[in-house]
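Report on the following structure.
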Amino acid sequence: AIVGGGIGGAAAAVFLRSIVGEKLDITLYEKEDHTCGRLGLLEVNGKYYNTGGCVIHPRNMHMQNLTKLAGFHHDEDGGGKMYFYDPISKTFPLKQTGFDILDTMLVLWRYGLGPLRLNWAVEAMLKDFDNIYKLQEQGRAFDTVEEMLHAMGGEEFVKMLKTPLRDYLEERALKDPLISEFAGVAMAVNYGQDIQDMQAFVGMVSMAGIQPGLWRIKEGNGAICDRLLSHAKADVRLSTPVTTITRIPSPSTSSAAAAGKEEQRMTKYSIKTEEEEGGKEEIYDGLIIAAPLQLAKIQLINFPSLEGRDDDEGDYHRTVATFVTSNKVEPTFFQQHEQHDHHSKDAFDPKNPPDILAIKPADQFSSIDTQDPVSHPGDDATSSSSSSSSSSSSSS
């Protein structure tokens, strides 16, 4: 059984099927009425838009392979010109023009060679991060997150879990305004949090999201899970919240252990759900929990390794995406003039606005940008070059 129908659960079903072949029944439980978790699709005026995780890094080999397996296609995230917005001073410390040479000169003028050093730091981290694929090919498994990170990047990765992002960047000769603005934008937009609150490992993974080559699935990121689960021939049970999972050791466990056999192979798991009446339960030979235990609120019984676990440990921070159908952004909110004169210092085209990215979380928004619809698998529509829907993300 797999508990959780997000991209983790769907990928787990594919990997499991590739290992065991056709000789195993796979059942997946999902509490919502759809799969793919926060890789969502939202319908607005008959078109579908990505919500949640919207871009994929080119070095994410699992998503590369799973997208191909699903028969889906790449859609490059071209992006537009960016404005960095300071919600405190209500100013733009960086305003791109859309012309590569001029934008490069603007970045050099404000940040010097800092962006180059920052990219080197991100590349060094990603080189070690890529070790996870080799470890998985070797069939390695780990009891703790720290063990896994140590295998990937040694003591440096483990240290990053306890090092503030700002300290980590300063150790690499980076300084403000690069840290507060470049790193600040990545933390505010991706997590709705301030750079001061982020540890280095999460922060550097987020910084990879400002590198070139980002892409998304043309048919919609949130459409891939159904395809993968169909490929894995999984029995998918939607709208079926799991309430209790009980680990059932085999009566012959002790004799098996004495004979040198693996206890895990003799253990079974009982799963109860809200929909099942009269204490009915289903028994499975194996279990994968692909859901955050802090949010799933599943009672785990007879799991010695999880005894004493704090359900509040690692609380999640919620971010909200608001989709608005509009044909313009109001420039006066940003103390800008409408673009009547291209030579105006504050020229701002409200009908073709830049991506506005806050350098720190704010009550109003963390980012505002125009969203293009996806080519939903259920229709023949293709992505348009522009859309009447724009998205603003804010923390709550």
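Take residue 15 and decide whether it is over 16 Å from the mean Cα position of the chain (by Cα), under 23 Å from residue 133 (Cβ atoms), not in a helix (DSSP H, G or I) and not polar (S, T, N, Q). Considered against the rule, which asks whether it is over 16 Å from the mean Cα position of the chain (by Cα), under 23 Å from residue 133 (Cβ atoms), not in a helix (DSSP H, G or I) and not polar (S, T, N, Q), residue 15 comes out as no. Is it fair to say residue 181 is in contact with a strand residue (DSSP E or B) (Cβ under 7 Å, 6 or more places away or on another chain) and either in contact (Cβ under 8 Å) with a residue 60 or more places away in the chain or open to solvent by 20 Å² or more (accessible area, probe 1.4 Å) (or both)? Considered against the rule, which asks whether it is in contact with a strand residue (DSSP E or B) (Cβ under 7 Å, 6 or more places away or on another chain) and either in contact (Cβ under 8 Å) with a residue 60 or more places away in the chain or open to solvent by 20 Å² or more (accessible area, probe 1.4 Å) (or both), residue 181 comes out as yes.
Pairing each residue of segment 143-158 that is at positive phi with any residue that is among the charged types (D, E, K, R), provided the two are 6+ apart or on different chains, yields no C-beta distance under 6 Å. Does segment 155-173 contain any residue that is open to solvent by 20 Å² or more (accessible area, probe 1.4 Å) and under 19 Å from the mean Cα position of the chain (by Cα)? So far as segment 155-173 goes, yes, one or more of its residues are open to solvent by 20 Å² or more (accessible area, probe 1.4 Å) and under 19 Å from the mean Cα position of the chain (by Cα). Number of residues in segment 1-12 that are under 19 Å from the mean Cα position of the chain (by Cα), hydrophobic (A, V, I, L, M, F, W, C) and part of a loop (DSSP other than H, G, I, E, B): the value is 0.
In this structure, residue 157 does not qualify as closer than 28 Å to residue 108 by Cα and in a helix (DSSP H, G or I). Going by the conditions given, is residue 363 within 18 Å of residue 91 (Cα to Cα), under 20 Å from the mean Cα position of the chain (by Cα), of a type outside the set (Phe, Trp, Tyr) and modelled with pLDDT of 75 or more? In short, no. Check whether at least one residue in segment 104-126 is in contact (Cβ under 8 Å) with a residue 60 or more places away in the chain, open to solvent by 70 Å² or more (accessible area, probe 1.4 Å) and not charged (D, E, K, R), and report yes or no. No, that holds for no residue.
The values are calculated or read from the model by the stated rules, or taken from the named source; none is laboratory data. Only a predicted model underlies this, so the values are computations on that prediction, with no experimental measurement involved. Cβ atoms come from the backbone with ideal geometry, glycine included; neighbour counts cover every protein chain shown. Ligands, DNA and RNA are excluded from the accessible area calculation, which covers all protein heavy atoms including side chains. Shrake-Rupley method; radii C 1.70, N 1.55, O 1.52, S 1.80 Å.
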